[in-house]
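Q: A single structure is presented below for examination.
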């Protein structure tokens, strides 16, 4: 199937929804084989099943999308846990003019009617579109049905977009990035941890814990940050009242938004608008432009100001905030463009295209000096960019562990890296650029000549690229410690440093493994778990908690009954009653509150052989949550020391 052709056909098709259903199948239930009456999209949302399409098997695992067309024979057999799925029956007609265009190379007529199954990397957008479409379809009202039709095209667009992208790249999108994507798309709607976890088919504790590891923020705190940033943009782009802005970003109470805004931005909404309007006037003034162009904007840091400081008071930004037509602010784009132009005029060559130095003209009879390149072109996830050969002021929003391995100290990094206990000795003098991957104003103030980010904050990355060359490395696209360190070694011209560090890494990991296997039988089973309140989660190699050292470094295995589950999806939220199945001979447990004595006093935990034999290692999340190259090496040696002491 040609994706580009399908995009062309769908962009010209006239679509009609016939029916939308949400189906729940019980364990081992089977549908009667039937001929599909029209075009059909089917998306599984819970459980597992096996679909047979004209006799060909199509597993329906988590969020699989199955497409078929009129006349295909379909039957479905649910797995042991049952299966829930949505089905959309539709009819799509192509204009006759499109049929008259040149036929594809195989000579077949153009058709939307291809049968296929597809597993999207980030299914949340498809799931949310489906649920909204289903709810509108059930209302049986003309306006709601019209929206359902629009949502069908949105669903098809998102599906084809992901199919096209996944055909060009092989990495899996980060779970936290999927959460952020939902928040950015749905920030004005009611969002809860429960709705986020349902849309991604992850447990609330796991989703919340993992998101905070990656960003330093809880999902709800991140939602608030997005809403406040959107409110700030509306303050600068429009003359909207605080009430109108509140409704636009997901709050019913404008006074509540005002309090949140002051807490996060340090000033009331009205004052924020006035200050930025005044700043724009200064920047437009010819006699001040040259002076201000060499001074970075003062960062608008978050403060600990109490919400109660913002009160409904005419003289103190109270009533005035409800009627904001008096002070018209400049467009946000204009403000950003002005600031970027000013800083670029000061930095001069930060973003300029520099390909060679210019040497003085040689005198007659002398050998000309070869021009030395100062930059190089590299291919990134966002396209080809020009980067300095020897950057001096690197801002590392992510991948700090690899930079440290190469002996590089950035001028600034993100808050969650600042808190990483394995980095402390390397961060003297390194500035904190804030939560997540930092914020524009703080990064701008650092005057970087190179910025390194992942793909978690696409809007921020777009702004960063206007400050300095910005390398975006999608999260999880570098699969191993070796791949990551070697990549940045090549990128930054430190191949020898990368080779030396990796050789030392391999040697230290091998020594740790050898000492452990002298004391612990190689066929011992290990479980890597987290206990938070009464929520229990067990993980494989991809979620920190010690999984990388235990399974990759030492080569141990989880209990045989759960081995497949620890590979895909790589984690499990379990009940206390299921502990005997998931507990290995040794347990590596992350818990911020529980002690070994408390586990021995618990009737379920105390029954586990690992607890009885004191084969449990308990550490706090502040040490187990990280899995950068520096952390993995330190954790491996820390766990090796414990295992050899038993």
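The values are calculated or read from the model by the stated rules, or taken from the named source; none is laboratory data. Source: prediction; values computed, not measured. Cβ placement follows ideal geometry from the backbone for every residue including glycine, while neighbour counts extend to all protein chains displayed.
Q: Please give the number of the condition residue 196 fails out of (1) within 17 Å of the chain's Cα centre (by Cα); (2) closer than 30 Å to residue 531 by Cα; (3) surrounded by fewer than 22 Cβ atoms within 10 Å (Cβ to Cβ).
A: (3)
Q: Any chance you could count how many residues in region 29-44 are loosely packed, with under 12 Cβ neighbours inside 10 Å and over 24 Å from residue 16 (Cβ atoms)? Break it down into steps so the answer makes sense when it comes.
A: Residues of region 29-44 that are loosely packed, with under 12 Cβ neighbours inside 10 Å, as a first pass: 32-35.
Restricting the remaining residues to those that are over 24 Å from residue 16 (Cβ atoms) gives 32-33.
Here the count works out to 2.
Q: Please state which of the following conditions residue 106 fails to meet, knowing it meets all the rest: (1) modelled with pLDDT of 90 or more; (2) farther than 19 Å from residue 67 by Cα.
A: Every listed condition holds for residue 106 apart from (1).
Q: For a quick check of your reading: which strands (runs of 3 or more DSSP E) sit entirely within region 20-96 and have at least 1 residues that are assigned by TED's automatic domain parsing to the domain that holds residue 118 and at pLDDT 90 or above?
A: Numbers: elements: 39-53, 56-60, 65-68, 73-93.
Passing ranges, in order: 39-53, 65-68, 73-93.
Q: Got a number for residues in region 604-632 being in contact with a helix residue (DSSP H, G or I) (Cβ under 9 Å, 6 or more places away or on another chain) and assigned to a loop (DSSP other than H, G, I, E, B)?
A: Residues meeting the conditions: 8.
Q: Okay, next question. Identify, by number, the condition in (1) touching a residue at least 24 places away in the same chain (Cβ under 8 Å); (2) farther than 28 Å from residue 455 by Cα that residue 256 doesn't meet.
A: (1)
Q: Among the residues of region 410-420, count how many are modelled with pLDDT of 95 or more and either out of contact with any strand residue (DSSP E or B) (no Cβ under 7 Å at 6 or more places or on another chain) or surrounded by fewer than 21 Cβ atoms within 10 Å (Cβ to Cβ) (or both).
A: So the answer is 1.
Q: State whether the residues of region 498-518 include one that is crowded, with 20+ Cβ neighbours inside 10 Å, within 28 Å of the chain's Cα centre (by Cα), farther than 17 Å from residue 623 by Cα and not assigned by TED's automatic domain parsing to the domain that holds residue 611. Spell out the reasoning first.
A: Kept after step one, since they are crowded, with 20+ Cβ neighbours inside 10 Å, are these residues of region 498-518: 498, 501, 509, 512, 516.
After this cut, where a residue has to be within 28 Å of the chain's Cα centre (by Cα) as well, the list is 498.
From what's left, farther than 17 Å from residue 623 by Cα: 498.
With the extra rule that they be not assigned by TED's automatic domain parsing to the domain that holds residue 611, the set shrinks to 498.
Yes - at least one qualifying residue is present in region 498-518.
Q: Restricting attention to region 199-220, which residues are in a loop (DSSP other than H, G, I, E, B) and more than 15 Å from the chain's Cα centre (by Cα)? Give the derivation first.
A: Filtering region 199-220 for residues in a loop (DSSP other than H, G, I, E, B) gives 201-203, 216-218.
Correct list: 201, 203.
Q: Looking for whichever is at pLDDT 95 or above and at negative phi here; the options are 611, 562, 574. Which one fits?
A: Details: 562 fails: at pLDDT 95 or above; 574 fails: at pLDDT 95 or above.
Exactly one of 611, 562, 574 is at pLDDT 95 or above and at negative phi, namely 611.
Q: Taking the stated definitions as given, is residue 451 touching a strand residue (DSSP E or B) at 6+ places or on another chain (Cβ under 6 Å) and assigned to a strand (DSSP E or B)? Working first, answer last.
A: Details: touching a strand residue (DSSP E or B) at 6+ places or on another chain (Cβ under 6 Å): yes; assigned to a strand (DSSP E or B): yes.
Spelling it out, residue 451 is indeed touching a strand residue (DSSP E or B) at 6+ places or on another chain (Cβ under 6 Å) and assigned to a strand (DSSP E or B).
Q: For region 487-497, which positions are surrounded by fewer than 18 Cβ atoms within 10 Å (Cβ to Cβ) and assigned to a loop (DSSP other than H, G, I, E, B)? Steps first, please.
A: Our first condition is that a residue be surrounded by fewer than 18 Cβ atoms within 10 Å (Cβ to Cβ); within region 487-497, this holds for 487, 490, 493, 495-497.
Listed by number, the list holds a single entry, 493.
Q: Taking the options 223, 152, name whichever one is touching a residue at least 60 places away in the same chain (Cβ under 8 Å) and in a helix (DSSP H, G or I).
A: Values: 223 fails: touching a residue at least 60 places away in the same chain (Cβ under 8 Å).
The match here is 152.
Q: Only residues that are assigned to a helix (DSSP H, G or I) and either over 14 Å from residue 381 (Cα atoms) or touching a helix residue (DSSP H, G or I) at 6+ places or on another chain (Cβ under 9 Å) (or both): list them for region 454-486, please. First the steps, then the outcome.
A: Here is the first cut: in region 454-486, the residues assigned to a helix (DSSP H, G or I) are 458-464, 481-486.
Across region 454-486, the qualifying residues are 458, 459, 460, 463, 464, 481, 482, 483, 484, 485, 486.
Q: Now a separate question. Pull out all pairs, ordered by first then second residue, where Cβ-Cβ is under 7 Å, the residues are six or more apart or on different chains, the first lies in region 29-51 and is more than 16 Å from residue 131 (Cα to Cα), and the second is in a strand (DSSP E or B) and modelled with pLDDT under 85.
A: Short answer, once both residue conditions are applied: 47/79; 47/81; 48/79; 48/81; 49/79; 50/57; 50/59; 51/58.
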